[in-house]
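Structure first, commentary second.
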Amino acid sequence: MSVQVFGLPVSRGVAIGRAVLVASSWVDVAHYFIEADQVGPEIRRLKAARDQVCREFEALKLDVQGDTPAELVALLDVHLMLLHDEVLASATRQWIEERHYNAEWAVAAQLETLSRQFDEMEDEYLRERKADLEQVAERLIRTLAAHSGHGDASALGPVVSCEGDVPVVLVANDISPADMMQFKGGVFRGFVTDVGGRTSHTAIVARSLDIPAVVGARDASRIIRQDDWIIIDGDAGLVIVDPSPMILEEYRFRQRQGQLERDRLARLRHRPAVSLDGQRVQLLANIELPSDAAAAVEAGAEGVGLFRSEFLFMNRGGRLPDEQEQYEAYRDVVIALRGLPVTIRTIDIGADKPLDRMSLSELRHEHSLNPAMGLRAIRWSLADPGMFMVQLRAILRAAQHGSVRLLVPMISHPGEIRAALDMIERARESLRRDGIAFGDVAVGAMIEVPAAALMLPIFLKHFDFISIGTNDLIQYTLAIDRADESVAHLYDPWHPAVLGLVASTIQATRAAGKEVCICGEMAGDAEFTEMLLAVGLRSFSMHPSQLPAIKQRILRTEIAALEPQAALALVGDDPRAIWAAGRVRALAAIAQVA
Ligand code: PEP
Ligand code: MG
């Protein structure tokens, strides 16, 4: 029977595929398809790993001393029994034979299927055997990974993929941004998670992958079973489980239409973004890794408006990149952009972006009750001056290869302005002292907290440019955790306080003769393009996949005609309604003149 699950639409388009359920603790298992002629060797690899784990358990049993508790010996027997279980082994093999999953993925898939069955058992003793199963599967996967060439057991690395016959989509309770990065270029055609908000970093990374995604779908990972056929409607925030043939056909049609529309928009790639009344608008790209730079250029971006450098620091098991490694990463982006400006934001770690994989609830538990208000972004950098200095030196060195702008996130206190600028100056001095070449950089600040927006004149005195981070500005203005789906309905970019802060920041920065850009998700959302143009924004930064649709909006907008309505919306109780009503009138007036 077909079931619908509702969540938040975070990445547009339609994905259709078989569900791969991944428990949070298993997200970093390698997922890739094997070729048909590799099925036999892959099954042998699985068997060899199973034999090795059996031998290890047997050796442990032989090692048992007289004073070892009997329960431990019994536990080893249970584990050995599970490993020898022929039904279990053949079900795991089936994933390899029929779906061409790699062995680690086959074990994880079978574990997920059995976990459900254990959860539904009435008998408590049997239910508790799930933990044994998990331990055995974990050992098996680690053994497989250690001999796979896909990374060692402690860092089951990113995934090599080849196209499988059956499309697959990932369903999980939660995926951290760091884990999401591992899926770049991977096998999954779409994502569904139980938790998360529209501008959570997991959602942002899903958008950067440009594949349909729904987050905050609450019970999705409980309702959907391993291998179910599902449709992910990333425009509506809808997941359809086990769809009827008619619904499937309807969505296949929409998939084809979506592709045609994308192909059509892609033709705007090299056209400058100029409004109907001749205003030139700059369209920039947000990127997470140096490898994203090529896609930004390809999509027609006029530069990088936000390089979220923190993604270089993730998934490294605590070992941070040194100055040379960072320098090379920044330099590669600068060179790839061939003279176009590259805005590198200093590390913004913390909140829902832990350095290593960790679910949001673990993060809240282990670090602080409210990480969004805690040690993140510039607070983190200033708390660890050694790390910050390494990053600043690397950015300054990269600046000799092109046009680099250095951006500081989440400043909320004048003391942080002084401290950050002082560190930048000290980084320059230390490079000079060491005789190392570096380049000039413009230094900008992000406006992400209301305090910053309210003391904008102080920022304008000290910084060369301003970038508005609407994701955080909304979160902190409205006191809404951007990663919490239970308050997602209150996360409102149309809120009068938010629009007021955004508009006044744009207008005051322009009046001071400095550049202002928006690099939050609002910039890539076509619903806000005209409003932002009407309040004076002329520089937008977004994921490359969003550029064509925003450019199309700009090409069709007569900005001057919308300005009076924007002014009215900014002082009204319900800016969205005022804006919508006025926009219809303005368009009608333009149509009459035409
Ligand atoms: C923002 O807050 O709008 C922003 C661009 O920064 P991030 O999403 O990385 O917090
Ligand atoms: Mg931010």
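Nothing in this text is a laboratory measurement; each read-out follows from the coordinates by a stated rule. Quick caveat, the model's predicted, so the values are computed rather than measured. FYI the Cβ positions are ideal-geometry reconstructions off the backbone, even for glycines, and counts take in every protein chain you see.
What order, most packed first, do the peptides 236-247, 204-215 have when packing is the mean number of other Cβ atoms within 10 Å of each residue?
Listed from highest to lowest mean packing, they are 204-215, 236-247.
Only bridges whose two residues both fall in region 329-471 count here: according to DSSP, what percent of them are antiparallel, nearest 5?
Values: 1 of 14 bridges.
So the antiparallel bridges amount to about 5 percent of the total.
Fully extended, how many nm does the chain gain between Arg254 and Asp85 (0.36 nm per residue separation, minus their Cα-Cα distance)?
My answer for the length gained is 56.3 nm.
Mind listing which trypsin sites (Lys or Arg not before Pro) in region 52-107 are in a DSSP loop and have 11 or fewer other Cβ atoms within 10 Å?
none
Could you name the lysines whose alpha carbon sits less than 29 Å from that of Lys47, not counting residues in the same chain fewer than 8 places away?
Lys61, Lys130
Could you pull out every residue, at least 5 positions away or on a different chain, whose amide H is within less than 5 Å of the one on Ser11? Hs are placed 1.01 Å off N in the peptide plane, and Pro or chain starts have none.
It is Ala213, by chain and number.
Antiparallel versus total DSSP beta bridges in the chain: what percent is that, nearest 5?
35 percent
If the reach is capped at under 27 angstrom between alpha carbons, list the lysines near Lys353, excluding any in the same chain fewer than eight residues apart.
In chain and number order, the partners are Lys184.
What number comes out for the charge environment of Ile247, summing +1 per Lys or Arg and -1 per Asp or Glu over other residues with Cβ under 12 Å away?
Numbers: positive: Arg252, Arg254; negative: Asp233, Asp242, Glu249, Glu250.
Computed value for this residue: -2.
For Asn370 and Glu563, FRET efficiency with R0 = 51 Å and r from the beta-carbon atoms, rounded to 0.05?
My answer for the efficiency is 0.80.
At 222 nm, what value in deg cm²/dmol follows for the chain if DSSP H runs of at least 4 each add -39500 (n - 2.57) and the sum is divided by all its residues, to the nearest 500?
Working: 24 runs with 290 residues, N = 594.
Result for the chain, helices only: -15000 deg cm²/dmol.
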